[in-house]
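**Student:** Got a structure for you, written out below as structure tokens; questions coming shortly.
A short reminder: the numbers here are calculations on the coordinates, not readings from a lab. Note that this is a predicted model, so its numbers are computed, not measured. Note that each Cβ is placed from the backbone with ideal geometry, even for glycine, and that neighbours are counted across all protein chains shown.
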Amino acid sequence: MYHNDIYNFKDLPKSYWFSLDTNYSKFLNLEIMSQNEEFDVLIIGAGYTGLSCAINLSEKYNLNICIVDAGVIGWGASTRNAGFCCIPPTKLTINQLMKRYGKDETISFFKNCIEGTNYTKNLINKYNIDCDVSGNQNYVVAHTESKFDKLIKESEIYNKIFGIESKIHNKEEFDKIGHSGNEQFGALSYKPGFALNPLKFYLGLLNAALKNKINIFHKTKITSVTKEADFYIAKANDKIIKSKKIVIATNGFYQDGLIKQIDSRILPIISNIIVTNPLSDRELSLHNFKTYSPIVNTRNLLYYYRKLPDNRILFGARGDISGSDKSHKNISKIIEKDFKSVFPEWKNINIDYTWRGLVAFTTKLAPSIGKIEDENIFYSFGYHANGVSSAPWSGMQLSKLVHGSNYGSLNISRVYKGLPKKIPISSFRKIYLKLVYFAYQIKDLLKL
Ligand SMILES: Cc1cc2nc3c(=O)[nH]c(=O)nc-3n(C[C@H](O)[C@H](O)[C@H](O)COP(=O)(O)OP(=O)(O)OC[C@H]3O[C@@H](n4cnc5c(N)ncnc54)[C@H](O)[C@@H]3O)c2cc1C
């Protein structure tokens, strides 16, 4: 759907995370598929979803598993996100969820979301992953006064209906514990939640997968999947992989044409991040930026930001609509302007890193976990830019379905189950996106 630049599987994104001292290079000698292979399960996509699904399948059910990734290892969104372990992975409001799925399923959805956050934390502890966890809650900052009123109501629902610990901080209080700035009119906080280094977390999972003897081929793009008797034949690098079951774990990087039942169901959206140079204590004090917890604001086209452990500020927003490297450069400049208008005292701060990646939206506006009818093809995608807490958990849930082959093995909220509807005339996806962005921009201008 986008310019080829964004699907350049050869080169790693120039993210801040890859500039840090990690053990990344030791994984570069992973194999590339070079001969025909056969496995019980083939997982397409080696991000959090694919790795978590594979680790669970291997540890619990002792299956012979292979994961392939089109990119050089760690190429996908799982190593280039902002590291916010936050909830919920949906763009539906609580009211919309209640109307669509009923109160019980909505409560169970939020329970699952919290399980997701805890699952990510448990993986960090279980595999002893040193991934620079920082902050101990999440903040949602009201960018206008009227949005603060909405947050007060939301916090009440979090506490009373979902049993999620949430607090309200008025502007003055948040000035002291969070930050000041032009778009700070008070905040909601909720627990659990934290920030992490997404690359280090990823490498911890990758290490666990390799220790479990899972076969991982990188630089191996699956170009077609066909069926022969009880097997699927996946083609890559002029070779074939034969497997009984297939898992689609490609999220926003899914490209139509691979599995016809999944085509036209994903709207990949570009999310763009900028990172400043490290700020001195004096510079930080100009906006009294205290917290290391992740922050999102209430704009319709929201901003997300956090102070990194080395006192840089990471700031993210929606990206461009083209996907070319040139448009990435242009939008990064616009995002820098936005950042400096939210934090005007930092107008002379330098930006050291910019990068982007694809997140997956769907017509359901919530994640989809399931099995394609009459096939042994399984999927999990559509985390709506919220995969740090939901992708590893969804991968784990998916492993139960892959093993059990029926929904009975999946005791989760109905919100997650099944495919989203197809996007009508999917070749118009970019046009729909332009229209939505335009409408949201107007709403944000009018402070609605
Ligand atoms: C800029 C940005 C910021 C984000 N910030 C946050 C955040 O702070 N918090 C949060 O919770 N979420 C965030 N997200 C979203 C989060 O990163 C994703 O939801 C999550 O990483 C999805 O994991 P995944 O394993 O499903 O997909 P990915 O990690 O994207 O992995 C999918 C893989 O599939 C591979 N693939 C695709 N097609 C093929 C093929 N045909 N053959 C073989 N391999 C294929 C790709 O190469 C890719 O590596 C952000 C995303 C972006 C892009």
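**Student:** HN-Hα J couplings of the stretch 83-98 from phi, Karplus 6.51/-1.76/1.60, θ = phi - 60°, integer Hz, Gly and Pro as x?
**Tutor:** Going residue by residue, I get x, 7, 9, 9, 9, x, x, 9, 9, 7, 6, 4, 4, 5, 4, 4 Hz, with x marking Gly and Pro.
**Student:** About the Cα centre of the chain, what is the dipole size in debye to 20, counting +1 per Lys and Arg Cβ and -1 per Asp and Glu Cβ, all else neutral?
**Tutor:** Here the size comes out at about 740 debye.
**Student:** By how many degrees, 0 to 90 and rounded to 10, does the Cα axis of helix 429-445 deviate from the longest principal axis of the chain?
**Tutor:** So the inclination is approximately 20 degrees.
**Student:** Taking Cα centroids, how far is the stretch 70-94 from the stretch 304-341 in Å?
**Tutor:** The two parts, judged by their Cα centres, are 16 Å apart.
**Student:** Could you list I266, I124, I152, I273 so that the one with the fewest beta carbons within 10 Å of its beta carbon is first and the one with the most is last?
**Tutor:** Sorted ascending by nearby Cβ count, the order is I152, I124, I273, I266.
**Student:** On to the next question. Would you mind finding the longest exposed-site-free stretch of the chain, with exposed trypsin sites (Lys or Arg not before Pro) meaning DSSP loop and at most 16 other Cβ atoms within 10 Å?
**Tutor:** 92-212
**Student:** Follow-up question, since we're still on this one. Please compute the Kirkwood hydrodynamic radius of the stretch 111-168 from all pairs of different C-alpha atoms, in Å with one decimal.
**Tutor:** Radius from the Kirkwood sum: 13.5 Å.
**Student:** Most mobile of L28, L57, L42 per a Gaussian network model of the chain (Cα springs, under 10 Å)?
**Tutor:** Largest GNM mean-square fluctuation: L28.
**Student:** Grab the DSSP H runs of the chain that are 4 residues or longer, score each as -39,500 (n - 2.57), total them, divide by all residues and round the 222 nm result to the nearest 500 deg cm²/dmol.
**Tutor:** -10500 deg cm²/dmol
**Student:** When Lys and Arg each count +1 and Asp and Glu each count -1, what net charge do the other residues less than 14 Å away from N272, Cβ to Cβ, add up to?
**Tutor:** Result for the neighbourhood of N272: +3.
**Student:** Once Lys and Arg get +1 and Asp and Glu get -1 on their Cβ, which of N8, Y303, T220 lies farthest toward the positive end of the dipole of the chain?
**Tutor:** Y303
**Student:** For the chain, set up a Gaussian network in which alpha carbons nearer than 10 Å are linked by springs, and say which option among G257, G83, G418 fluctuates the most.
**Tutor:** Maximum among the listed residues: G257.
**Student:** Then there's this: Output the pairs from K213/K260; K333/K434; K211/K245; K211/K371; K171/K447 with a Cα-Cα distance over 25 Å in this structure; if there are none, say none.
**Tutor:** K213/K260; K211/K371
**Student:** Sticking with this structure for a sec: Considering only E373, E172, E228, give the residue with the highest GNM mean-square fluctuation for the chain, with springs between Cα atoms whenever their separation is below 10 Å.
**Tutor:** Top of the fluctuation ranking is E228.
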